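**Q** Got a structure for you, written out below as structure tokens; questions coming shortly.
Nothing in this text is a laboratory measurement; each read-out follows from the coordinates by a stated rule. Bear in mind the structure is a predicted one, so any value in this text is a computation, not a measurement. No Cβ is skipped: glycine too gets one built from the backbone with ideal geometry, and neighbour counts run over all protein chains shown.
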């Protein structure tokens, strides 16, 4: 029931049919999560779902973040079951604690290296015949070049991967419209319902807008700014992982790192937190808690005042001397 309803949403989101849905990584992962849940919970009754069983599942699963995601699906399935009127009681799912938020971000040098790697890389093939049989030869294929656009849009707009992949100069259902005339990026795809993941319209920075307009001039018939072999992309995780490895950026860098990078750069450059939160489509609380320490004004007042000498008041001489004598 929940599986069918959720798969229908995912097919609509990725614009695929039931026959080719397994070509979408997000759908394959969802099915694997449901499979794991069925293996553990499938034979149990709702009355058996309690905190102890949830903790035991998380322990058996091993991966803390993965078990939390699985149990979130279980919670959604039970809520769907209740909403359809199939049970009346309250069933509570106990989730493992959230992990610490990631703070991995790219320097300007890292970003430039990653973009150039994507732009220059040529596919390597091993020759199977002829005088060069067995040798590895660079071909004319550029399998990572589409990522250069993805990275530029991600860093300068701070948008989520789905909005970047759906970015289009043509307004249509299922696309995130980029208004090249007014310079506005409508990140939420047309036809999508509002969710907790905010995707408000955002002005496009001039530097990025120049690129977007140029890409549109180069191919005015392209339906999306990021395409691979002339087709829109649904996920760049595999290609992105290859690009990160080729650029030598180490571990922990994913497409979502581009959003972390945008938030970090905004804070480092002293952007007003309220405006930065609106630009990124996140709450002010999340922005300050996760990225606030990058801001040049972070705790600046406290730093200034902690060692500042108090002025002496007449009639109470010496009572405001510094607590710590920093100089002898």
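**Q** Give the percent of DSSP beta bridges with both residues in the chain that are antiparallel, rounded to the nearest 5.
**A** 75 percent
**Q** Quick one: work out the % antiparallel among DSSP beta bridges in region 111-294, nearest 5.
**A** Antiparallel bridges make up about 75 percent of those DSSP assigns within region 111-294.
**Q** So for 170, 24, fewest C-beta neighbours within 10 Å to most, what's the order?
**A** Ordered from fewest to most neighbouring Cβ atoms within 10 Å, 170, 24 come out as 170, 24.
**Q** Another question, if that's okay. Could you give the semi-axes, largest first, of the ellipsoid that matches the chain, computed as the square roots of 5 times the alpha carbon gyration tensor eigenvalues and rounded to whole Å?
**A** Sorted largest first and rounded, they come to 41, 34, 23 Å.
**Q** Kindly state, as a whole number, the per residue volume in cubic angstrom of the convex hull around the alpha carbon atoms of region 111-294.
**A** 137 Å³
**Q** Just the Cα atoms of region 1-84, one point each, no solvent: what log10 I(q)/I(0) does Debye give at q = 0.19, 0.22, 0.23 Å⁻¹?
**A** Taking Cα atoms of region 1-84 as identical point scatterers yields -0.89, -1.10, -1.16.
**Q** Testing the spin-label approximation: label points 7 Å from Cα along Cα→Cβ at residue 64 and residue 20. State their distance in nm.
**A** A separation of 4.1 nm, rounded to one decimal place.
**Q** Share of Cα-Cα pairs in region 43-91 beyond 15 Å, in percent?
**A** 49 percent
**Q** Now, a different point. In cubic angstrom, how much convex hull volume per residue do the alpha carbon atoms of region 69-126 span?
**A** Looking at region 69-126, the number lands at 213 Å³ per residue.
**Q** Would you mind computing, in nm to one decimal, how far apart the modelled labels at residue 139 and residue 289 are, each placed 7 Å from Cα along Cα→Cβ?
**A** 4.8 nm
**Q** Counting pairs of alpha carbon atoms under 8 Å apart in space and at least six apart in sequence, what relative contact order in percent does the chain give?
**A** 14 percent
**Q** Quick one: if you stick a label point 7 Å off each Cα along the C-beta vector at residue 172 and residue 47, how many nm between them?
**A** In this crude label model, residue 172 to residue 47 measures out at 5.4 nm.
**Q** For region 230-273, take the alpha-carbon Rg, divide it by the Kirkwood Rh, and send me Rg/Rh.
**A** Expressed as Rg/Rh, it is 1.11.
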